[in-house]
Amino acid sequence: MSAFVINGGRRLNGNLRVQGSKNSVLPILAATLLINGKCVIHNCPALSDTECTVKILKSLGCKVQRDGTSICVDSTSATGFEIPGSLMREMRSSVVFLGAILGRMGKATISAPGGCEIGLRPIDLHLYAVKRLGVDIEESYGKLVCTVPNGLKGTKITFSFPSVGATENALLACVTAKGNTTIVNCAREPEIIDLCDFLNSCGAKITGAGESIISVEGVKELHGCEHSVICDRIAATTYLVAGAVTGGDVEIHNTVPIHLNSILPLLEESGCDVRVRCKSIRLKAPGRLKRIDKIITQPYPGFPTDAQAPFTTLTSIASGTSVIVENIFESRLKHVPELVRMGAKIRAEGRVAVVEGVERLYGAEVISPDLRGGAALVVAGLCASGTTVVKNTNFIDRGYEDFENNLCMLNADIYRKVKTDGTKEKKKL
Ligand code: UD1
């Protein structure tokens, strides 16, 4: 198990090109299974979750090759319909294969997905969507055995909550179904638009992506295409926050600034000078950050739950008191006790945290509780005085490509201690 060691207090400055989106690449790679041919996906981030997705594709019989940031998937010979339990457990996104396997094979067997423990994370909405399309589901020895006795048929799917994953599963299961499907109260995230753009490039007929109602005219089959995934708005946010808390001056390139429309105003509210130019965002931090009145997480286009943890770090060293309300997941404040170990003054109860900003944080040994919580602790270490050790880097590696080297490029002093038993340390520059 490795850890990040951070010597805090250095002002971040410089330029960084942000990685491709984790939350886009995973469903798009799953979607390649629907295509009886070859797809080339560009701008794929090198993440443990991307590797896990590739393993699932291979386990189903696809041929997959990586060339730099491009992944070529040939699904012609795919025949598998069951995802091995060990791969299901590795990440939450394994569940988006359900719609793709059903669309391609007409049957699927899955078990409960894993992923970060940030709440109950049920899959009832995913199952509701595929059932509406004609899927029968039986539970057998902990597995969900899904069959489609009369073929997938277009229908109306109305979600009680705009779940990102369930919307993706509904789309994957219905693009090649017979007839038309309408998905009501669907998720509107940019990653949903990216998935629909990919599917439409393969011959799907989807309209309304990015809105609350998506219409799909089922097509007989899809063909291969080349597609480049959008940039990662959460990674971009994390680097901007890292610049903000260290009093820095950073410019993030290769972004889609409108995807950060709910985030940039809050960075400005904290006193940062934020300038958008084409695909770049430059942030210059003030001497002392100001409080942010309220941070309330909501489905897109609201403030993203994935950015809540880095903003908890930001508000913990701002002047004044900020309030954070986590509306999406039940247990997504697990970074709070770790920040308190570093000197933050935060009172958290249920989904609400009241953050009373302190002058500074102090280096400590902390444990990454989940992906974004772990990134928030690294960001805290960057502005803390002294040395911070963030354990459980495996969570962070799920979502941040080359995290420590990117931060080093921005002048941070951070390295990965490869083994925490002290046998070997590796300082990366
Ligand atoms: C995706 C993102 C994740 C982000 C989240 C919310 C990926 C790989 N992950 O996760 O980074 O934090 O969207 O923006 O894209 N829910 C149910 N039943 C279901 C499905 C979801 O009750 O069947 C609930 C969840 O428990 C949660 C809420 O709906 O409380 C949102 O979940 P959802 O939008 O599905 O998130 P994910 O797709 O898991």
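The values are calculated or read from the model by the stated rules, or taken from the named source; none is laboratory data. Treat the numbers as computed from the prediction; the structure is a model and nothing was measured. Heads up, the Cβs are rebuilt from the backbone with ideal geometry, glycines too, and the neighbour counts pull from every protein chain shown.
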Checklist outcome for this item: Matching residues in the stretch 153-207 (basic (K, R) and within 30 Å of H42 (Cα to Cα)) number 2
Checklist entry - Out of (1) assigned to a helix (DSSP H, G or I); (2) within 24 Å of S2 (Cβ to Cβ), the odd one out for Q308 is which? => result (2)
Item to check | Single residue of L195, L133, L144, L171 found to be crowded, with 22+ Cβ neighbours inside 10 Å, within 16 Å of the ligand (Cβ to nearest atom) and over 23 Å from N23 (Cα atoms) | outcome: L133
Checklist entry - Can you pull out the residues in the stretch 113-130 that are at pLDDT below 85, more than 6 Å from the ligand (Cβ to nearest atom) and not small (G, A, S)? => result P113, C116, E117, I118
Item to check | Residue satisfying all of: in the stretch 153-165; closer than 22 Å to L26 by Cβ and in a loop (DSSP other than H, G, I, E, B); farthest from the ligand (Cβ to nearest atom) among these | outcome: F159
Checklist outcome for this item: When restricted to L382, L333, L339, the only residue assigned to a loop (DSSP other than H, G, I, E, B), touching a strand residue (DSSP E or B) at 6+ places or on another chain (Cβ under 8 Å), crowded, with 24+ Cβ neighbours inside 10 Å and not assigned by TED's automatic domain parsing to the domain that holds E51 is L333
Next on the checklist: Take the conditions touching a residue at least 60 places away in the same chain (Cβ under 8 Å) and closer than 20 Å to R121 by Cα and apply them to A177. Does it pass?
Outcome noted: no
Checklist entry - Out of the residues in the stretch 297-344 that are without any contact (Cβ under 8 Å) to a residue 60 or more places away in the chain and charged (D, E, K, R), which is nearest to the ligand (Cβ to nearest atom)? => result E326
Checklist outcome for this item: Among A384, A364, A375, the single one that is modelled with pLDDT of 95 or more, in contact with a Leu (Cβ under 9 Å, 6 or more places away or on another chain) and at negative phi is A384
Checklist entry - Considering the stretch 365-379 alone, what residues qualify as being crowded, with 24+ Cβ neighbours inside 10 Å and not in a helix (DSSP H, G or I)? => result V366, S368, P369
Next on the checklist: Can you find a residue that is of a type in the set (A, V, I, L, M), in a helix (DSSP H, G or I), touching a Ser or Thr at 6+ places or on another chain (Cβ under 7 Å) and within 16 Å of the ligand (Cβ to nearest atom) anywhere in the stretch 86-96?
Outcome noted: yes
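So that you can scan it fast, the table gives a plain yes or no per residue for (1) touching a Phe, Trp or Tyr at 6+ places or on another chain (Cβ under 6 Å); (2) within 29 Å of R372 (Cα to Cα):
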| site | (1), (2) |
| --- | --- |
| A108 | yes, no |
| P113 | no, yes |
| K131 | no, no |
| V135 | no, no |
| S140 | no, no |
| V145 | no, no |
| G154 | no, no |
| L172 | no, yes |
Item to check | Within the stretch 8-42, tally of residues that are over 30 Å from C383 (Cβ atoms) and surrounded by fewer than 23 Cβ atoms within 10 Å (Cβ to Cβ) | outcome: 5
Next on the checklist: Given the criteria within 16 Å of the ligand (Cβ to nearest atom), touching a residue at least 12 places away in the same chain (Cβ under 8 Å) and buried (at least 24 other Cβ atoms within 10 Å of the Cβ), does T388 qualify?
Outcome noted: no
